[in-house]
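Report on one structure; see the data block that follows.
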Amino acid sequence: KQVQKLLLFTFLLLTPLPAWASWRISNFRTTMDVSANGSAVVSERITLVFIGVYHGIHRTIPIDYPGPSGANYTLFLKVTEVKDGDGNALKYELHRRGHYRDIKIYIPDAVNATKTVEIDYEVKNPIRFFPDHDELYWNVTGNDWPVPIDYASALVMFPANASGELRAQAFTGVYGSTEQAARAQVKGNTVEFETSNPLPMRGGLTIDVYLPKGILHEPGRLARAMWFVESNPVVLLPLLSFVVMFVLWYTVGKDPDPGM
């Protein structure tokens, strides 16, 4: 019996394993054009290598971040177009999943093939405005890809008056990592970023650009108040409670007529 077990173990060890389906991202390229009012237009070009049979991918974009004093800061994002590398429109679905905007993209003929997906979207409020400076802190790739990313890069363009005023750095790795396996190069009013090592599964590229005050137009108080309420709808709970209680009081809660 010992000999039989040894022969069986040797057979299993020498038998080649079946080829499982897999995929990876070979190139993740982002272009971001920041307007003078602080909004931005973003275009992502993602090259995917599929081994096996696949039908699409999920692109999850983080849109909720911690804000000042424990409040929530939400990115207001609008997807405008999803297409393949040849410019043909791709079918997609949008969902809100917790702190993420999920884009479910259908990719035809993703069978042992290399495919390219391009995602265009607009972001109303990517810039953080502080008393002494403004900042673009942007998670380029996200940290929820279940596969590695061979190479990631980003080109960020600012208004012409930002030339010579920008400072930038980049971070890589899993959520919360301070690793900086990426390069940041400022060229006039543009900043180029690229990774120097592949990103592991759940690893991402985050960029950080410092701008002095006066380059971008800070939104007014009303716009900021509306964004805060949309990011933190719980602040409307006292008002909603008052309205409900007032309606109940007005309809059934008042004292009856003394003559009744």
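Rule-based calculations on the coordinates, nothing more; no lab input. Note that the structure is predicted; figures quoted are calculated from it, not measured. Every residue, glycine among them, receives a Cβ derived from its backbone with ideal geometry; neighbour counts consider all protein chains shown.
See the values below:
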{"item": "Distribution of pairwise C-alpha distances over region 129-223, 5 Å bins, in %", "result": "3, 13, 23, 20, 15, 12, 9, 4, 1"}
{"item": "Sites Ser163 and Leu222 - FRET efficiency at Förster radius 41 Å, r taken between beta-carbons, to 0.05", "result": "0.85"}
{"item": "Listed pairs Lys83/Lys104; Lys124/Lys213; Lys78/Lys115; Lys91/Lys124; Lys78/Lys104; Lys78/Lys187 exceeding 22 Å between Cα atoms", "result": "Lys78/Lys115; Lys91/Lys124; Lys78/Lys187"}
{"item": "Inter-centroid distance (Cα atoms) of region 30-48 relative to region 107-159, Å", "result": "7"}
{"item": "Extension gain, Ser177 back to Asp120 (0.36 nm per residue minus Cα-Cα distance, nm)", "result": "17.8 nm"}
